[in-house]
């Protein structure tokens, strides 16, 4: 009987604790995972990966905007799915048609420590570099 009462008394606190659990967020600064730079995918030269990593950084802000080293725009989050819409590239506004839908998507890990971005097929990047694992930039 005491065990049942204790369970019933503890249940609301357990529900409250689960409901108040902190959700993972994309907000913050991100960089290419150093492990990807040191061990690039097959067909990607280490020098290319080093250069790519130095220019592929993002800062996602609370107001649903982002700024990258060469781009800026907006983003949305649905659960762990992230959609990125670039509005400016190298300081130049993109045409409205190019801004009509997200150019890049990604997945945020449950713990919020990694973000895997699916790269658009541009013909510029090596075909084997279809996604990039990002980690939080704590520097």
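Here, each number is a calculation from the coordinates, and none is a lab measurement. On a predicted model such as this, the values are computed, not experimentally measured, just so you know. Every residue, glycine among them, receives a Cβ derived from its backbone with ideal geometry; neighbour counts consider all protein chains shown.
Tabulated data for the structure shown
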item	result
Shape of the range 24-136, Cα gyration tensor, a/c cut at 1.5	oblate
Efficiency of FRET between residue 83 and residue 127 - r from beta-carbon atoms, R0 30 angstrom, step 0.05	0.85
Calculated log₁₀ intensity ratio I(q)/I(0) where the Debye formula runs over C-alpha points of the range 30-76, q = 0.19, 0.20, 0.24, 0.31 Å⁻¹	-0.64, -0.68, -0.80, -1.04
Antiparallel content of DSSP bridges confined to the range 24-136, in %, to 5	100
Relative packing of 97-107, 37-47, which averages over residues the other C-beta atoms within 10 Å, highest first	97-107, 37-47
